[in-house]
Amino acid sequence: VAPDLKEFGLRVGGHVANPLSLSVDELRAKFEPVSCVALNQCSGNSRGLFEPQIPGSQWGHGAMGNARWTGVRLRDLLDAAKLRAGAVDVTMRGLDKPPMPGTPPFVKALGVEHARDGEVMVAYEMNGAPLPLLNGFPLRLVTPGWYATYWVKSLSDIEVLAAPFDGF
């Protein structure tokens, strides 16, 4: 089920001086839009062809896609939130929930330098149209050059940490 854009807000918080909660419309209006063409590839692409066989979805060739992504630089969001001295990592979490009670949420982390490199973006469009639900609506982290596990779908929370991320 797609999130209601009237209620959705991307939260940026943690080790920052100015926590944010931004709607998709606010992202579009308050931040410079940027675009890039980038390949998104599952880390298990072609896994089904490995010898010996390894655990996981037995993908053949093709677990990848190339698109033009449009959104805002993660760096610009972090600058607006005003990182505090000592910021080390930035974590990203989507709207998905763990499948069972007691299972930790799925969170990805990037070092502050990578998160601020100007290439990592929070996308709201794919190929000139709003992100489709299957591709991460309403927002998706785009991390060019990194496997798809770092391209967090349905991005809802960005948290800056003062210590290295040690979660699941």
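Would you point out which residue out of Glu119, Glu125, Glu159, Glu113 is in a helix (DSSP H, G or I), at pLDDT 95 or above and either open to solvent by 50 Å² or more (accessible area, probe 1.4 Å) or on the phi < 0 side of the Ramachandran plot (or both)? When all the criteria are applied, what remains is Glu113. Within region 3-18, residues that are polar (S, T, N, Q) have Cβ atoms under 9 Å from residues that are at pLDDT 95 or above in these pairs: Asn18/Val12; Asn18/Ala80; Asn18/Ala81; Asn18/Lys82, counting only partners at least 6 apart in sequence or on another chain. Phe165 falls short on exactly one of the conditions (1) open to solvent by less than 50 Å² (accessible area, probe 1.4 Å); (2) at pLDDT 95 or above; (3) not charged (D, E, K, R), and that condition is (1).
Residues in region 67-96 that are without any contact (Cβ under 8 Å) to a residue 60 or more places away in the chain and not charged (D, E, K, R): Thr70, Val72, Ala85.
Please work out which residue is farthest from Ala87 (Cα to Cα), limiting yourself to region 128-151 and to residues that are open to solvent by less than 40 Å² (accessible area, probe 1.4 Å) and in contact with an Asp or Glu (Cβ under 9 Å, 6 or more places away or on another chain). Looking at the filtered set, the residue picked out is Leu131. Pairing residues of region 111-127 that are in contact (Cβ under 8 Å) with a residue 24 or more places away in the chain and within 10 Å of Leu74 (Cα to Cα) with residues that are open to solvent by less than 40 Å² (accessible area, probe 1.4 Å) and of a type in the set (Ser, Thr, Tyr), at Cβ distances under 7 Å and at least 6 apart in sequence or on separate chains, gives Val120/Thr143; Ala123/Thr70. For region 2-49: of the residues being modelled with pLDDT under 80 and part of a loop (DSSP other than H, G, I, E, B), which is farthest from Arg84 (Cα to Cα)? Checking each candidate, the answer is Ser46. Going by the conditions given, is Met64 in contact (Cβ under 8 Å) with a residue 12 or more places away in the chain, surrounded by 13 or more Cβ atoms within 10 Å (Cβ to Cβ) and closer than 30 Å to Ala163 by Cβ? It is false that Met64 is in contact (Cβ under 8 Å) with a residue 12 or more places away in the chain, surrounded by 13 or more Cβ atoms within 10 Å (Cβ to Cβ) and closer than 30 Å to Ala163 by Cβ. For region 76-110, the set of residues classified as within 25 Å of Asp4 (Cβ to Cβ), part of a strand (DSSP E or B) and open to solvent by 40 Å² or more (accessible area, probe 1.4 Å) consists of Arg93 only. Closer than 22 Å to Gly9 by Cα and modelled with pLDDT of 95 or more: does that describe Val88? The answer is no for Val88.
Can you find a residue that is of a type outside the set (D, E, K, R), within 21 Å of Thr143 (Cα to Cα) and either touching a Lys or Arg at 6+ places or on another chain (Cβ under 6 Å) or exposed (fewer than 15 other Cβ atoms within 10 Å of the Cβ) (or both) anywhere in region 16-32? Taking every residue of region 16-32 in turn, none turns out to be of a type outside the set (D, E, K, R), within 21 Å of Thr143 (Cα to Cα) and either touching a Lys or Arg at 6+ places or on another chain (Cβ under 6 Å) or exposed (fewer than 15 other Cβ atoms within 10 Å of the Cβ) (or both).
The values are calculated or read from the model by the stated rules, or taken from the named source; none is laboratory data. Everything numeric in this text was worked out from a predicted model, so none of it was measured. Cβ: placed from backbone, ideal geometry, glycine included. Neighbour counts: every protein chain shown. Areas reflect the complete protein model, heavy atoms only, side chains present, ligands, DNA and RNA absent. Shrake-Rupley method; radii C 1.70, N 1.55, O 1.52, S 1.80 Å.
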